[in-house]
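To keep things clear, I will list the structure first and then write my remarks on it.
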Amino acid sequence: MSLPTDRPATRWERFKDNDIVWSFFHSPGAVIAAVVTLLMILACVFAPVLAPFDPFDPAQISLWDGKLPPAWVEGGQPQYLLGTDNQGRDMLSTILYGGRLSIIVGLAAVCLGMVLGVTLGVVSGYVGGMTDAIIMRIADVQLTIPGILLAILINGIGRAVLPLELRDDFAIYVVIVAIGLTDWPQFARVARGATLVEANKEYVQAARIIGLPRWLIMIRHIFPNTLRPVLVIATIGLALAIISEATLSFLGQGIPPTTPSLGTLIRVGNEYLFSGLWWITFFPAIALVVLVFAVNLLGDWMRDALNPKLR
Amino acid sequence: MTELLKIEGLDVEFPTRRGTVKAARNVSLTVNPGEVVGLVGESGAGKSTIGNAIIDLLETPGRVAGGSILFQGEELRGRDEDEMRTIRGDRIGMIFQDPQTSLNPLMTIGAQLVETIEKTTGLTGADAEARAEELLAQVGITEAKARLKAYPHQFSGGMRQRVVIALALAGDPDLIIADEPTTALDVSIQAQILDLLKRLCRERNLGVIIVTHDIGVIANIADRVVVMYRGEVVETGDVAQILGAPNHEYTKSLIAAVPRADRKLERFTSVDYIEGDAKPFSRIDVQNHWLGQARSDRQAKAAVEVDNLNLSFVLQKSLLKRNRRMLQAVDDATFSVAAGETFGIVGESGSGKSTIARMIAGLYQPDSGQIRVFGEDVSTRPASATARQARRALQMIFQDPYSSLNARMRVMDIVAEPIRYHRLTGSESETRQVVSDLLDHVGLGAAAGLKYPHEFSGGQRQRISIARALASRPRILICDEPTSALDVSVQATILNLLKDLQEELGLTMIFISHDLPVIRQMCDRIAVMRHGQICEIAEAETLFEAPTHDYSRHLLDLMPRMDLLGTDRAVPA
Amino acid sequence: MTTFILKRLAQSLLVMAVVSAISFSLFNFVGDPVNNMVGQDATREQRIEIRQQLGLDDPILTQYTRFMGNILSGDFGLSYRIKRPVDELILERLPATLELVFVSAIIALAVGITLGVYTGIRRKSWVSRVILSTSLIGVSLPTFIIGIALIYVFAVHLRWLPSSGRSGTVDLGWWKTSLLTVDGWRAILLPAITLSLFQLTLILRLVRAEMMEVMRTDFIKFARARGLAERAINFRHALRNTLVPVITIIGLNIGGLIAFSVITETVFQWPGTGLMFIQAVDFVDVPIMAAYLVFVALLFVLINLIVDILYFVVDPRIRLGS
């Protein structure tokens, strides 16, 4: 594997030479998925700039314009490309703002689950003994209960504990915590598994013989080597977190309709589906599915590319 | 036309993103009935590829690009899958390296034998079962009838390899290809399996190809030898000629690098046929260097003393004491290592030799007993400041060059870690200078510091490990099978490096190995271990010339016969 | 064998203890039960009286013991909202949920495993590629969107099947089933498909991945080298080894079906326990939430126990030891 010259490779050369980077640019699905994900994230982040209307500004909403179909359908108006909802808000704008919320909640929940899970997992795997037994027993018990159910429960308890007047304001944080708390065992398991593999490797024993303290070995040696599998789980976890948020909101347990996420939009639209106003549900649903699909596609590719057994 | 197999001009290619790798180039060889042909070479020589190419089981994306494979006068190239299936098992049998993974864990041995027999011979039902029983008996498995109902995990490694051989024989083939059949086994079992293969070859007039990296295996079993180097056959000949009077330069250096058991040499004959390994870099003057400084002289005391050391592992946990299954990994071990000497510990796998090393290094805590490093007790209170200070005199080199370096750190940072953590230098610039010097000194060159471990070969990585160990300025070096994962020619250069370092720095070494010839070349005194106990401690020469313990004698008997190797091979050219 | 089962049983009991403790704490931390019983305008005396009646002033441990005693005898108290015994409510709605989960599980397992094996064996055929790409879409479709789409197409647009509710039930006295009439089947079809789709794709992808993993092992290569037929290698060697990890996941998947029945039942207004649970969460109807939690945990524990025993049957390494 040695490079032809003695001159050490620059970062850029290393990057280009990397098998994973190479495999990425040679798998069209992965590239498309990455581009779509990135575009959707960017579109949502810059929603205030890109959206033709501000759906939270009452001055820009007129009930007279409510329930208008998309621009290309008879009765549609050109300024409302994807039509309007029951309150007269521009669908495209609400989808951009809603997607923004969905992505923020998804990312924050995954980060929470990841930080919690990886920390506990690495400690559990490296320290072992009672600590390991307790942490993993908790994770096992939690894993027998499907995530979405637990999220509904934690979310429900969270809302019930909060005073009524604060519920809507804090709904987003409650949802993030609920999803993040249901996520952590996955991360803990993967991180612990990777830690057990790494801890048995001789470089960790070498570090112990050098005399490095445990915490330094965990941070400097073990943690960076557990990142690959954690990254795969995080990507797939992001897709799942976005779905979970949408599901909670759809069930009326998540983000309130005043600041709707994609799930809330679908919930609201669903009530108008039977009366033929299909666009109020259809476009948010499509946006959600495309986003989740792109993230899943990326995760799928990553799992294959980062799996040492497949190479 | 008496040849069983005749390969001519075989080319095997593996297209990869970095261009086509030619795993085999213009390979020609023949196998006659009743003959064992050894296909020998170091890693990357393409020897396994030949075996897989014959029965058309190359790993994707490999393909045969040219040449011919004539088996009993028929061309095997270009056959479709169905035709090959009538040849595999029926006419050519295959044995793989690892008996642990070669058998389906969910099927009984009997079921696997019967399905193979039914496919290859047409026998069915009770006939096939009777045949299966017969086969097991032939490969030396007793109580064959009862064993047919057993699952693979109920057999030991050696027994499993016998089952694998029985499966390969089920179709009564004319040719057996054995790919490193004994590499995963202990020496004593290795000898039995080789005897079995040789006996079957003679009895059934089989042609056998043994693919191996081990000159000892070749010396024991082969009639003719084909030597491969980088995908090409460099020499073919009678076993006595190849081992005793090789013609090709590569074969010569390969044979010269095999450590000899019959007498101790100052150094290994330096092998110049290795590419991508050590180059003559400027070595540092150790006495006037950071590396040679700050070593207080406490040579009077023994470097390491081990008293009545015990350690057992729990094999099966249980709340009830009587149900618990324990393994006494180290059983009352006592020895002492004088400063400056090289102390060898030898034994088969599971003998406890590595466990002792790990206890001395502080990786395991003994259940009872005491370990002293330069007179300081390091085992009673391992976390105390004095124990930790005393242990800093001690470093370890590990077996596996691929897992002993953190893949995510640059070589510079790997080697600098102990210096930085213990603040052994005055400044970061001095640290960098020291690391460069160390990398130079172990034969890698300072530029290696900016690369990552994956850019180096196995031997080079072991050199990085050595540099990392030196960075702590140790006075005791524990080497746990430091070369058993390396090719024999690389092994010679690493062992030479260790010898040089010991001499320059006056290091005390504890050298652990299962390989008796290596132990003889490296050590002053040797402890022989078995089942956690030390059987015998003796001066190296005494042990090899006049062993007192039965087990030592047994081990020495099992050493591969090397008398075919020329006696003058050790003389440097 | 007995130690193995005993160990698992002990673990199950632990899970149940933890879950019951959580559901007990729901009563204490979520909402004020007295408010729920008597409403806002009750007098102070009334409140104190009810507190005493409910035993809310007893030490927490006494309350917990009482709670455990009650749930062991199947008594979860009265629903705050409907004012009926919770165990009665759950038993009434249980058949609807179990039948839905049962039909979905059959669909998910049968179709999922078949397609998984097919794509695992015929790795390069275009049919496999199509199935695989479709399955990734399946994983990306939230259950409620599948439900909405199916309703829109088959109920609103084509008008072939009912959009909601559970009709055509036959009362067997102890069980109301919808599996005995055409109407019942028509009603259960859409929700069952909706519920199964996500798990189906998961099972498919898992079986395929495991199959490919097994195909790379040495013993498959050795089986090839013995010239065994492709069929024997695929089914006798690969598939059985694939089953061992797949069984675990199937256990989890059935758990997943129960969880997602909450969503499916909401979309289709299917009168099962899931719908009841989500309504209870809406109204903070703690007794129902607590009972549902215990009930679901019990189901999961049972499923996991069965999976462990299956494991035992399939894998001789666990059965026989070494």
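The values are calculated or read from the model by the stated rules, or taken from the named source; none is laboratory data. This is a predicted model, so every value here is computed, not measured. Methodologically, a virtual Cβ is constructed for each residue, glycine included, from the backbone with ideal geometry; neighbour enumeration extends over all protein chains shown. SASA here: full protein model, heavy atoms, side chains in, ligands and nucleic acids out. Shrake-Rupley method; radii C 1.70, N 1.55, O 1.52, S 1.80 Å.
Restricting to segment C:266-280, give me the number of residues that are surrounded by 24 or more Cβ atoms within 10 Å (Cβ to Cβ), within 11 Å of chain A (Cβ to nearest Cβ) and farther than 30 Å from residue C:309 by Cβ.
Adding up the residues that qualify gives 2.
Pairs needed: first member in segment A:112-140, at pLDDT 85 or above; second member anywhere, open to solvent by 30 Å² or more (accessible area, probe 1.4 Å) and aromatic (Phe, Trp, Tyr); C-beta distance under 7 Å; at least 6 residues apart or different chains.
Close Cβ pairs satisfying both conditions: A:122/A:223.
Taking residue B:93, is it within 28 Å of residue B:185 (Cα to Cα) and either surrounded by fewer than 21 Cβ atoms within 10 Å (Cβ to Cβ) or touching a helix residue (DSSP H, G or I) at 6+ places or on another chain (Cβ under 7 Å) (or both)? Even if it seems obvious, please write down each step before you answer.
Working: within 28 Å of residue B:185 (Cα to Cα): yes; either surrounded by fewer than 21 Cβ atoms within 10 Å (Cβ to Cβ) or touching a helix residue (DSSP H, G or I) at 6+ places or on another chain (Cβ under 7 Å) (or both): yes.
The answer is yes for residue B:93.
Restricted to segment B:109-140, and to residues that are at the interface with chain C (Cβ under 9 Å from one of its Cβ atoms) and surrounded by 18 or more Cβ atoms within 10 Å (Cβ to Cβ), which residue is farthest from residue C:315 (Cα to Cα)?
Going residue by residue through segment B:109-140, those that are at the interface with chain C (Cβ under 9 Å from one of its Cβ atoms) are B:111-112, B:115-116, B:119-120.
Now narrow it down to the ones that are surrounded by 18 or more Cβ atoms within 10 Å (Cβ to Cβ): B:112, B:115-116, B:119-120.
Details: B:112: 16, B:115: 20, B:116: 22, B:119: 25, B:120: 28 Å.
Among those residues, the one meeting the criterion is B:120.
Can you tell me which residues in segment C:120-138 are more than 14 Å from every other protein chain (Cβ to nearest Cβ), of a type outside the set (A, V, I, L, M, F, W, C) and without any contact (Cβ under 8 Å) to a residue 40 or more places away in the chain?
Listed by number, the residues that qualify are C:122, C:125, C:128.
I'd like to check which strands (runs of 3 or more DSSP E) are fully inside segment B:504-561 and have at least 1 residues that are in contact (Cβ under 8 Å) with a residue 24 or more places away in the chain, closer than 25 Å to residue B:491 by Cα and among the basic types (Lys, Arg).
Numbers: elements: B:508-513, B:525-530, B:533-539.
Once the strands (runs of 3 or more DSSP E) in segment B:504-561 are filtered for at least 1 residues that are in contact (Cβ under 8 Å) with a residue 24 or more places away in the chain, closer than 25 Å to residue B:491 by Cα and among the basic types (Lys, Arg), what remains is B:525-530.
Scan segment B:61-78 and tell me whether some residue there is open to solvent by less than 60 Å² (accessible area, probe 1.4 Å), farther than 25 Å from residue B:213 by Cβ and at the interface with chain C (Cβ under 7 Å from one of its Cβ atoms).
no
Is one or more of the residues making up segment C:165-177 more than 14 Å from every other protein chain (Cβ to nearest Cβ) and assigned to a helix (DSSP H, G or I)?
no
Take residue B:510 and decide whether it is under 20 Å from residue B:354 (Cβ atoms) and either open to solvent by 40 Å² or more (accessible area, probe 1.4 Å) or modelled with pLDDT of 90 or more (or both).
Numbers: under 20 Å from residue B:354 (Cβ atoms): yes; either open to solvent by 40 Å² or more (accessible area, probe 1.4 Å) or modelled with pLDDT of 90 or more (or both): yes.
So residue B:510 passes the test.
Please report, ordered by residue number, the strands (runs of 3 or more DSSP E) entirely within segment B:184-245 with at least 1 residues that are in contact with a Gly (Cβ under 7 Å, 6 or more places away or on another chain).
Details: elements: B:207-212, B:224-229, B:232-238.
Fully inside segment B:184-245 and qualifying: B:207-212, B:224-229.
Specify the residue that is least open to solvent (accessible area, probe 1.4 Å); the eligible residues are those in segment A:215-237 that are within 12 Å of another protein chain (Cβ to nearest Cβ) and under 19 Å from the mean Cα position of the chain (by Cα).
Across segment A:215-237, the extreme among qualifying residues is A:236.
Hey, any hits in segment A:302-309 for a residue that's within 30 Å of residue A:20 (Cα to Cα), free of Cβ contacts under 8 Å to residues at least 24 places away in the same chain, touching a helix residue (DSSP H, G or I) at 6+ places or on another chain (Cβ under 8 Å) and away from chain B (no Cβ under 14 Å)?
Of segment A:302-309, the ones within 30 Å of residue A:20 (Cα to Cα) are A:302-309.
Then keep just the ones that are free of Cβ contacts under 8 Å to residues at least 24 places away in the same chain; that gives A:304, A:307-309.
So of that shortlist, the ones also touching a helix residue (DSSP H, G or I) at 6+ places or on another chain (Cβ under 8 Å) come out as A:304, A:309.
Right, trim to away from chain B (no Cβ under 14 Å) and you get A:304.
Yes, because at least one residue in segment A:302-309 is within 30 Å of residue A:20 (Cα to Cα), free of Cβ contacts under 8 Å to residues at least 24 places away in the same chain, touching a helix residue (DSSP H, G or I) at 6+ places or on another chain (Cβ under 8 Å) and away from chain B (no Cβ under 14 Å).
Looking at B:263, B:295, can you tell me which residue is at pLDDT below 80, under 30 Å from residue B:547 (Cα atoms) and of a type in the set (Lys, Arg)? Don't jump to the end; show me each part of the working.
On the way: B:295 fails: under 30 Å from residue B:547 (Cα atoms).
Testing whether each residue is at pLDDT below 80, under 30 Å from residue B:547 (Cα atoms) and of a type in the set (Lys, Arg) leaves just B:263.
It is to be established whether one or more residues within segment B:415-438 are crowded, with 22+ Cβ neighbours inside 10 Å, within 27 Å of the chain's Cα centre (by Cα) and under 19 Å from residue A:225 (Cβ atoms).
The answer is yes, given that some residue of segment B:415-438 is crowded, with 22+ Cβ neighbours inside 10 Å, within 27 Å of the chain's Cα centre (by Cα) and under 19 Å from residue A:225 (Cβ atoms).
What number goes with the only condition from (1) under 19 Å from residue B:98 (Cβ atoms); (2) open to solvent by 10 Å² or more (accessible area, probe 1.4 Å); (3) touching a residue at least 40 places away in the same chain (Cβ under 8 Å) that residue B:217 does not pass?
Every condition holds for residue B:217 apart from (2).
Hand me the list of strands (runs of 3 or more DSSP E) wholly inside segment B:1-42 holding 2 or more residues that are in contact with a Pro (Cβ under 7 Å, 6 or more places away or on another chain).
Per the criteria, B:5-16.
Could you say whether any residue in segment B:85-100 is more than 10 Å from every other protein chain (Cβ to nearest Cβ) and modelled with pLDDT of 90 or more? Quick ask: steps written out before the conclusion?
To start, the set of residues in segment B:85-100 that are more than 10 Å from every other protein chain (Cβ to nearest Cβ) comprises none.
No, segment B:85-100 contains no residue that is more than 10 Å from every other protein chain (Cβ to nearest Cβ) and modelled with pLDDT of 90 or more.
Taking strands (runs of 3 or more DSSP E) that fall entirely within segment B:324-376, which contain at least 3 residues that are in contact (Cβ under 8 Å) with a residue 12 or more places away in the chain, over 17 Å from residue B:543 (Cβ atoms) and over 23 Å from the mean Cα position of the chain (by Cα)?
Values: elements: B:325-338, B:342-346, B:368-373.
Correct list: B:325-338, B:368-373.
Tell me yes or no: at least one residue of segment C:182-201 is without any contact (Cβ under 8 Å) to a residue 12 or more places away in the chain and within 13 Å of chain A (Cβ to nearest Cβ).
Taking segment C:182-201 and keeping what is without any contact (Cβ under 8 Å) to a residue 12 or more places away in the chain, we get none.
No, segment C:182-201 has no match at all.
Among the residues of segment A:242-253, are any out of contact with any Lys or Arg (no Cβ under 8 Å at 6 or more places or on another chain) and without any contact (Cβ under 8 Å) to a residue 60 or more places away in the chain?
Among the residues of segment A:242-253, at least one is out of contact with any Lys or Arg (no Cβ under 8 Å at 6 or more places or on another chain) and without any contact (Cβ under 8 Å) to a residue 60 or more places away in the chain, which makes the answer yes.
Can you tell me which residue in segment B:388-404 is nearest to the other protein chains (Cβ to nearest Cβ), limited to those that are among the aliphatic types (A, V, I, L, M) and touching a residue at least 40 places away in the same chain (Cβ under 8 Å)? Let's see the steps before the verdict.
Restricting attention to segment B:388-404, the residues satisfying the condition of being among the aliphatic types (A, V, I, L, M) are B:390, B:393-394, B:396-397.
Cutting the leftovers down to touching a residue at least 40 places away in the same chain (Cβ under 8 Å) gives us B:393-394, B:396-397.
Working: B:393: 11, B:394: 7, B:396: 5, B:397: 9 Å.
Result: B:396.
Would you check if there is a residue in segment B:438-446 being under 27 Å from residue A:213 (Cβ atoms) and within 14 Å of chain A (Cβ to nearest Cβ)? So that I can check it myself, show each step before the final result.
The initial filter retains those residues of segment B:438-446 that are under 27 Å from residue A:213 (Cβ atoms), namely B:438-439.
This time we only want the ones that are within 14 Å of chain A (Cβ to nearest Cβ), so: B:439.
Yes, because at least one residue in segment B:438-446 is under 27 Å from residue A:213 (Cβ atoms) and within 14 Å of chain A (Cβ to nearest Cβ).
Of (1) modelled with pLDDT of 85 or more; (2) surrounded by fewer than 23 Cβ atoms within 10 Å (Cβ to Cβ), residue A:158 satisfies all except one. Which?
Tallying (1) modelled with pLDDT of 85 or more; (2) surrounded by fewer than 23 Cβ atoms within 10 Å (Cβ to Cβ), residue A:158 fails exactly one: (1).
Can you give me the ranges of the helices (runs of 4 or more DSSP H) entirely in segment A:16-126 with at least 3 residues that are buried (at least 19 other Cβ atoms within 10 Å of the Cβ)? Show your work before the answer.
On the way: elements: A:19-25, A:28-45, A:47-50.
So the answer is A:28-45.
Which condition from (1) open to solvent by 10 Å² or more (accessible area, probe 1.4 Å); (2) more than 13 Å from chain C (Cβ to nearest Cβ); (3) closer than 20 Å to residue B:14 by Cα is the one that residue B:52 breaks?
For residue B:52, the failing item is (2).
With the checklist (1) open to solvent by 40 Å² or more (accessible area, probe 1.4 Å); (2) in a loop (DSSP other than H, G, I, E, B); (3) among the polar types (S, T, N, Q) in hand, flag the one item residue A:131 doesn't pass.
Exception for residue A:131: condition (2).
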